[in-house]
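Working notes for the structure below.
The values are calculated or read from the model by the stated rules, or taken from the named source; none is laboratory data. Every value quoted in this text rests on a predicted model; they were computed, and no experiment measured them. Cβ placement follows ideal geometry from the backbone for every residue including glycine, while neighbour counts extend to all protein chains displayed. To get the accessible areas, we keep the full protein, side chains included, count just its heavy atoms, and leave off ligands, DNA and RNA. Shrake-Rupley method; radii C 1.70, N 1.55, O 1.52, S 1.80 Å.
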Amino acid sequence: MTTFSDQELRAYIAEELAVGRSTLLEHQLATDERLRDRLRALLGESDSASLALRDVWRRGQLSCPSRSTWSDYLTGGLGDGLRQYLQFHLEEVGCRVCAANLADLQQRGGTDADQRSRKFFETSVGRLRDVDV
Ligand SMILES: [Zn+2]
């Protein structure tokens, strides 16, 4: 377990913490309840802290946003706080799983696979049966 100072946690909230430390912090947040509490307390005193971000933690999706959240990210359906968090997760944390997920969604035009194949099927029944969607 690494020890993080309040100063570091504040820097993290402001997205100014060094990449290496941020990654370490994110990993530890996933298992360290006390660290999460400290971060929550610090978020509480910062009015720039976003509710959406806290919501992400509450749902236990700290490490990886869901695919539908990434879909909303692509279509611009997210509030600022959450969008920033996703950007942070992607660019600073450099999560490969989410980068791959996002690239996949981008290829599908920002919507999820089910939606697209249904649409595709409806408009091309009988003509493109052999095309792999
Ligand atoms: Zn991820």
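Key figures
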{"item": "14 Å beta-carbon shell around GLU15, net charge (K/R +1, D/E -1)", "result": "-3"}
{"item": "Point-charge dipole on Cβ atoms (K/R +1, D/E -1) for region 1-49, about Cα centre, debye to 20", "result": "120 debye"}
{"item": "Cα gyration tensor shape of region 1-49, rounded if a/c is under 1.5, else prolate or oblate by comparing a/b with b/c", "result": "oblate"}
{"item": "Around LEU25: net Lys/Arg minus Asp/Glu count, Cβ-Cβ under 10 Å", "result": "-2"}
{"item": "Accessible area per residue in Å² at 1.4 Å probe, computed on region 1-49", "result": "61 Å²"}
